[in-house]
Amino acid sequence: MSIYYTSSKEGITEEALEELFLSVDWESGKYPKQLLQAIEGSHSVVTAWDEGKLVGLVNALSDGVLTAYFHYALINPSYQSNGIGKELMNMMLERYKGYKSKVLISYPDAVNFYNRLGFKSEDGSKPMYISELV
């Protein structure tokens, strides 16, 4: 395994996104064209690659000053527990270190991972959605 990291959006394809997102059973993987548009429209993206294969991705949506929201954060299960997620999140946290708020929504099994990176739950708040994904 020879992992390299980049903050460039170049080289990210619909096929690579579809494969990565479906590897973690995310419904959005069924919409690769829209996923690519979403990634291209992100404030920033960091990715992990094993040779030519996209194995991890974190993107940020941001107002450019105060708040960064990390919407997608995923690692292909075959590559999890190798420090890739930690490296990608640390790259993003460094990129947005001067921002007052850094926000993400975690699945229950990933809460401890994000806690170790400094994320905490906010008392009295609850994530809310309107989802059009079928």
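The values are calculated or read from the model by the stated rules, or taken from the named source; none is laboratory data. All of these numbers come straight from a predicted model, not from anything done at the bench. Backbone-built Cβ (ideal geometry, glycine too); neighbour counts: all protein chains shown. In case anyone asks, the SASA skips ligands and DNA or RNA and just uses the protein heavy atoms, side chains included. Shrake-Rupley method; radii C 1.70, N 1.55, O 1.52, S 1.80 Å.
Within the stretch 114-125, the set of residues being under 15 Å from residue 69 (Cα atoms) and open to solvent by 70 Å² or more (accessible area, probe 1.4 Å) comprises 120, 121, 122.
Take residue 75 and decide whether it is of a type in the set (Val, Ile, Thr) and more than 28 Å from residue 115 (Cβ to Cβ). Walk me through it before giving the result.
Details: of a type in the set (Val, Ile, Thr): yes; more than 28 Å from residue 115 (Cβ to Cβ): no.
No: the conditions fail for residue 75.
Close contacts from the stretch 57-72, counting a first residue that is more than 13 Å from residue 89 (Cβ to Cβ) and a second that is part of a loop (DSSP other than H, G, I, E, B) and open to solvent by 60 Å² or more (accessible area, probe 1.4 Å), with Cβ to Cβ under 6 Å and a gap of 6+ residues or different chains, come to 61/43; 62/43; 66/100. Scanning the stretch 25-44 for residues that are open to solvent by 30 Å² or more (accessible area, probe 1.4 Å), hydrophobic (A, V, I, L, M, F, W, C) and touching a Gly at 6+ places or on another chain (Cβ under 9 Å) yields a count of 0.
Being crowded, with 17+ Cβ neighbours inside 10 Å, of a type outside the set (Asp, Glu) and assigned to a helix (DSSP H, G or I) is the requirement here; does residue 22 meet it? If you could, list the steps in order and put the result at the bottom.
Numbers: crowded, with 17+ Cβ neighbours inside 10 Å: no; of a type outside the set (Asp, Glu): yes; assigned to a helix (DSSP H, G or I): yes.
No: the conditions fail for residue 22.
Taking residues in the stretch 34-45 that are small (Gly, Ala, Ser), and partners anywhere that are assigned to a loop (DSSP other than H, G, I, E, B), the pairs with Cβ atoms closer than 8 Å and at least 6 places apart or on different chains are 42/9; 44/7. In the stretch 10-30, the count of residues that are in contact (Cβ under 8 Å) with a residue 60 or more places away in the chain and not charged (D, E, K, R) is one or more.
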